[in-house]
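So the structure is just underneath, and the comments pick up after that.
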Amino acid sequence: MRRLFPVTDMTAAGTPASDTAAASDREWSLDELADAYAYPAEAAFGPWLRANMVSSLDGAGQHDGRSQPLSSEEDMRIFGTLRALADVVVVGAETVRLEGYRPARAREVFAARRAAAGQGPAPVIAVVTASLDLDFSLPLFTEPLVPTLVLTGAASSPERRAEAERAGVEVVIAGDGPGVEPERAVAALAERGLRRQLTEGGPRLLGQFVAAGVLDELCLTVSPTMTAGGAQRIAQGPSVEVPKRFAVAAVLEQDGFLFTRYRRI
Ligand SMILES: NC(=O)c1ccc[n+]([C@@H]2O[C@H](COP(=O)([O-])OP(=O)(O)OC[C@H]3O[C@@H](n4cnc5c(N)ncnc54)[C@H](OP(=O)(O)O)[C@@H]3O)[C@@H](O)[C@H]2O)c1
């Protein structure tokens with residue numbers, strides 16, 4: 001792994017023959033990754049919503065219904081690190097259904113860092129759904145270290161909500177209709193002290209966060225692959241009136257994968 005941006009004395013590019021360059025082009029420890037991806041200071045006072053997504057060179061956000069074919073070992077290490085830094089992982093119900101989501105694990109390597117940040121052993125998973133058409137007998141709902149949340153609207157099915165609660169799920173209402181309003185979801189989680197927020201998509205959920213202007217940061221892995229076909233992009237839904245502008249904050253590289261980080265301007 002090497003840092004391409006911001007350019008520092010640890011940047012390999014531009015100093016190809018130096019010892020520093022050789023030292024930077026190596027596997028980073030999980031601690032180093034956690035330092036590189038630390039939430040900004042603002043997250044101590046209010047919500048900070050970060051998304052982590054992977055895209056092919058031609059813009060596909062999935063292949064054969066999954067993101068894994070676009071990913072790499074290093075991408076998965078960063079995925080795990082971003083989870084380890086988060087208070088809550090917000091995810092759309094379709095991604096839970098298609099990717100077979102499991103509860104977040106407590107990882108020894110991040111235990112001290114989480115404790116020092118006042119965090120529990122693992123992030124809370126918050127599933128966004130209007131239908132509550134989820135299998136509440138799955139480990140995600142019955143065996144998490146910290147209870148899984150379901151974010152839904154006030155007009156969603158009371159029967160399905162009761163079923164979720166019987167499984168040990170906490171249901172959070174964040175909308176007046178059947179669905180969730182993105183701003184309310186972010187605020188409702190922050191009210192519970194879950195300020196360091198991470199969304200893992202999918203594209204339909206991310207599109208709504210973008211359109212509502214509540215996405216603070218995008219951690220985008222650019223996968224050196226092309227898929228053609230009609231796959232979803234990383235954000236879907238009605239287009240925004242004016243494209244939202246983001247500024248590059250960091251770019252790391254390994255094996256042709258670019259691990260980029262953009263912040264809302
Ligand atoms: N490239 C990547 O990094 C990445 C990341 C994640 C997922 N993916 C891929 O994306 C695909 C799935 O994504 P997707 O866009 O189809 O679905 P998604 O965003 O994961 O989930 C959509 C579902 O979330 C719920 N939902 C979304 N917005 C809501 C709102 N405002 N209020 C209430 N519920 C809401 C609805 O669930 P109900 O139907 O239950 O009401 C909706 O059907 C998979 O193929 C997955 O592999 C890619």
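So, in segment 81-124, of the ones that are acidic (Asp, Glu) and in contact with a strand residue (DSSP E or B) (Cβ under 7 Å, 6 or more places away or on another chain), which residue ends up modelled with the lowest pLDDT? Spell out how you get there, then give the answer.
Keep residues of segment 81-124 that are acidic (Asp, Glu), which gives 87, 94, 99, 108.
From what is left, the residues that are in contact with a strand residue (DSSP E or B) (Cβ under 7 Å, 6 or more places away or on another chain) are 87, 99.
On the way: ASP87: 98, GLU99: 88.
If we take residues in segment 81-124 being acidic (Asp, Glu) and in contact with a strand residue (DSSP E or B) (Cβ under 7 Å, 6 or more places away or on another chain), then GLU99 is modelled with the lowest pLDDT.
Per-residue answers, yes or no, for (1) more than 20 Å from the chain's Cα centre (by Cα); (2) of a type outside the set (Ser, Thr, Tyr); (3) under 23 Å from PRO47 (Cα atoms):
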residue	(1), (2), (3)
MET76	no, yes, no
GLU99	no, yes, no
ALA126	no, yes, yes
SER156	yes, no, no
Can you pull out the residues in segment 50-75 that are outside any loop (DSSP other than H, G, I, E, B) and over 23 Å from VAL248 (Cβ atoms)? HIS63, ARG66, GLN68, PRO69, GLU73
Subset of segment 57-85 (residues that are crowded, with 18+ Cβ neighbours inside 10 Å and among the hydrophobic types (A, V, I, L, M, F, W, C)): ALA60, LEU70, ILE78, PHE79, LEU82, ALA84, LEU85
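Out of LEU33, LEU70, I need the residue that is modelled with pLDDT of 90 or more and touching a His at 6+ places or on another chain (Cβ under 7 Å). Which one? Lay out the reasoning, then the answer.
Numbers: LEU33 fails: touching a His at 6+ places or on another chain (Cβ under 7 Å).
Sole residue among the options that is modelled with pLDDT of 90 or more and touching a His at 6+ places or on another chain (Cβ under 7 Å): LEU70.
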Which of the residues belonging to segment 160-214 are free of Cβ contacts under 8 Å to residues at least 12 places away in the same chain and among the acidic types (Asp, Glu)? GLU165, GLU191
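Just the residues that are part of a loop (DSSP other than H, G, I, E, B) and among the aliphatic types (A, V, I, L, M), please, taken from segment 114-172. Steps first, please.
The first filter runs over segment 114-172 and keeps only residues part of a loop (DSSP other than H, G, I, E, B), leaving 117-123, 129-138, 143-148, 153-157, 167-169.
Hits for segment 114-172 are ALA117, ALA122, ALA130, LEU132, LEU134, LEU138, LEU145, VAL146, ALA154, ALA155, ALA167, VAL169.
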If I filter segment 157-174 for residues that are farther than 24 Å from LEU85 by Cα and of a type in the set (Ser, Thr, Tyr), do I get at least one hit? yes
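Residues VAL54, VAL88: which one is more than 9 Å from the ligand (Cβ to nearest atom) and either under 22 Å from ALA235 (Cβ atoms) or surrounded by 15 or more Cβ atoms within 10 Å (Cβ to Cβ) (or both)? Step through it out loud before you land on a result.
Working: VAL54 fails: more than 9 Å from the ligand (Cβ to nearest atom).
Being more than 9 Å from the ligand (Cβ to nearest atom) and either under 22 Å from ALA235 (Cβ atoms) or surrounded by 15 or more Cβ atoms within 10 Å (Cβ to Cβ) (or both) holds for just one of VAL54, VAL88, which is VAL88.
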Would you confirm whether or not segment 155-177 contains a residue that is more than 11 Å from the ligand (Cβ to nearest atom), modelled with pLDDT under 95 and within 22 Å of ILE78 (Cα to Cα)? no
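What number of residues within segment 147-170 satisfy the criterion of being of a type in the set (A, V, I, L, M) and buried (at least 16 other Cβ atoms within 10 Å of the Cβ)? Let's see the steps before the verdict.
First, the residues of segment 147-170 that are of a type in the set (A, V, I, L, M): 149-151, 154-155, 162, 164, 167, 169.
Still in the running and buried (at least 16 other Cβ atoms within 10 Å of the Cβ): 149-151, 164, 167, 169.
Number satisfying all stated conditions: 6.
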Taking into account only those residues within segment 186-204 that are crowded, with 24+ Cβ neighbours inside 10 Å and farther than 14 Å from GLU217 by Cα, which is modelled with the highest pLDDT? LEU189
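Considering only segment 192-207, I want to know if a residue exists there that is basic (Lys, Arg), touching a Cys at 6+ places or on another chain (Cβ under 9 Å) and not in a helix (DSSP H, G or I).
Taking every residue of segment 192-207 in turn, none turns out to be basic (Lys, Arg), touching a Cys at 6+ places or on another chain (Cβ under 9 Å) and not in a helix (DSSP H, G or I).
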Within 11 Å of the ligand (Cβ to nearest atom), touching a Phe, Trp or Tyr at 6+ places or on another chain (Cβ under 7 Å) and under 26 Å from GLY61 (Cα atoms) - does that describe any residue in segment 184-204? yes
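The values are calculated or read from the model by the stated rules, or taken from the named source; none is laboratory data. None of the values given here were measured: they were computed from a predicted structure. No Cβ is skipped: glycine too gets one built from the backbone with ideal geometry, and neighbour counts run over all protein chains shown.
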